[in-house]
Amino acid sequence: MAGTTSLFRNFRQGLKTYWDAGALSPFPLGKTLFGYKARWLPRDLRAGLNVALLALPQGMAYAAIADIPIAYGISCSAVAALVAPLFASSRLPIIGPTNATAFMLFSALAATGVADGIAMLPVLVLLVGLTLVMGAFFRMADLVQYISRSVIVGYLTGAAVLIIGNQLKHVLGVAPPPVEGVKTFFSIIGGTLAELGSTQWQPLVLGVVSFVVYQFGVKRFPALPVFAITLVGASGAAVLLGWDSLATFNAYETSELRPPFPDVFRPGFWSDVSHLIGIAFAIAFLASLEHSVMAKTLAARTRERPNLNQDMLALGATNMATAFLSGMPASGSLTRSALNVASGARTQVASLVSGALCLAGALTLGGYVGFVPKAALAALVIAIAVSLINLRNLRICLAATMSDAVTVVITVLATLILPLHVAIFVGVGVSIVLYLRKSARPELVEYAFDEGGQLRERGPAAREIPSISIVHVEGELFFGAAELFRTQMQRTSDDPALRIIILRMKNARNLDATSVMALEELVRLLRKNGRDLIVSGVMKDVYRVLKNSGIVEIIGRDNIFPGSTGNPNLATRNALIRAQQILGPEVEPEVKIYHDPNKPQE
């Protein structure tokens, strides 16, 4: 009973230490407001206005990408900008709907197995928020840094191509038949090309002109809200030209801004929830990844040090709010955040101003949405998608290493042929597998003492008939490397003249249970054949693993020689003396240095 109490006490203390090391703040905005200076207000007001002029039309665009009611994107822009600053550690990021999460939502709704995906949107967004909040409490944001940038580049590139393919139908003015099952690039583009003969010239002209005007405006007048100006101009032009045949969005009432939460007691509700959990996890993962990249990008400009777990909490709280007050998942927007910084924002007040203006726009502009041509908004969405394709980053990924090239290519292909909530994890899985494969290759290098008494690398023909083999192990010895390590060591012990192996582990790292078991099997195999294993150069962390796992007693304390940073060769020299003692004074040992045949020779 006392042992159980002590164990519980230690666990509770460890949990407290873990929590205190990265404790989350319930209201970090209070610190900003308490020290707020009046001279900051004009800059925050200007930045908030600029961001709102971009956020409103972008909210419409991202709702169009997700193929959900356009009011949801507008209300999400407002709610997210108002809620996120209450919990975020970073001062300048803007939270709201984004390209990547919107298209994952579009791709996922067709693959959910849920009869009415739109009706279940609030539940899906709520699950996203809960996942992010739990991730923040368990400090999962720290793990995001281990995701390869090649995965992000590949995902954004593939998603951009998908967005372009999906919006072409609006620019061409065609109505392809609904895609059955999973909506992939090939099914979407195939349906659009099948209707190419029905292309209408009016939406095509309006779309092309909107695209060109936007690209010109962004380059020549970057300080202006070019997106909003172009969209309003295209809508006004369509009205003035009398192009009544253009497809437009449906106007909405104020009551439609907030989607109704589905009845949790209806038959099949919890079955639908089970279908949404995997998608919610994927969207939460993508939102955290997207926000982390955005926060670090801004931090490089502002010299701010973001607390990613606190920001993940803000992201989770925001999505929980948008679940009840909007209908889209929210993430970190790099374009709106960059505009916020460029506009001179000083604090989170800029985001609050932006949210308030977006909310005012959402409440007053519902009747005017019916004048917005789908072709114009689609062209602007395509322009944004084109900007996501970073050719320089693609070239870097393809040229840096083979692992990066394979990762980015597979991730792009996965986004084109699989649902995006699956494709993102395919890319992550490939990058992890390739990393483990590269890391799980410990080098076994030939070593021997030269005439000056120093260990030197030697060629494979040092001795023809050895009785002692010095095996220098360098690299990772975690579970992924254990099998390769065991195979190479067994190859060494196949020499019939071999009596003793000296395993030099000075540069061996990260032993785990798998590698320890492989080492134990090696010891038992050698003993069975009348041979011995001596371990030299063991550093403290490796020795701790060997001791805790009980293998020190199996090898024998007399056969283990700790490493010395002052004289790294001393342990190996002592191991050779021990080998001489085992062989006996009447035996003259021949010394061979092990050669790894997989290592290229110079």
Next item on the list: Return a yes/no flag: does the range 490-510 have any residue that is surrounded by fewer than 18 Cβ atoms within 10 Å (Cβ to Cβ), modelled with pLDDT of 80 or more and not in a loop (DSSP other than H, G, I, E, B).
Entry: yes
Notebook entry, point to check: If you take the residues of the range 304-343 that are buried (at least 24 other Cβ atoms within 10 Å of the Cβ) and assigned to a loop (DSSP other than H, G, I, E, B), which of them is farthest from the chain's Cα centre (by Cα)?
Noted result: S326
Notebook entry, point to check: Could you list, in sequence order, the residues of the range 502-541 that are of a type in the set (S, T, Y) and touching a strand residue (DSSP E or B) at 6+ places or on another chain (Cβ under 6 Å)?
Noted result: S536
Note to self: Checking the condition at pLDDT 90 or above, in contact with a Ser or Thr (Cβ under 8 Å, 6 or more places away or on another chain) and surrounded by fewer than 24 Cβ atoms within 10 Å (Cβ to Cβ), which residue from G129, G135, G96 passes?
What the structure shows: G135
Checklist line | Count - residues of the range 217-253 that are assigned to a loop (DSSP other than H, G, I, E, B) and not hydroxyl-bearing (S, T, Y) | finding: 15
Check: Just one of R392, R301, R346 is assigned by TED's automatic domain parsing to the domain that holds S107, surrounded by fewer than 24 Cβ atoms within 10 Å (Cβ to Cβ) and part of a loop (DSSP other than H, G, I, E, B); which is it?
Finding: R346
Check: Filter the range 247-262 for residues that are surrounded by 17 or more Cβ atoms within 10 Å (Cβ to Cβ) and of a type in the set (A, V, I, L, M, F, W, C); which is farthest from the chain's Cα centre (by Cα)?
Finding: F249
Item checked: Residue that is modelled with the highest pLDDT [pool: residues in the range 413-462 that are surrounded by fewer than 20 Cβ atoms within 10 Å (Cβ to Cβ) and of a type in the set (D, E, K, R)] -> R437
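The values are calculated or read from the model by the stated rules, or taken from the named source; none is laboratory data. Because the structure is predicted, anything quoted here is derived from the model rather than measured. Quick reminder, even Gly has a Cβ in these numbers, built from the backbone with ideal geometry, and neighbours come from all protein chains shown.
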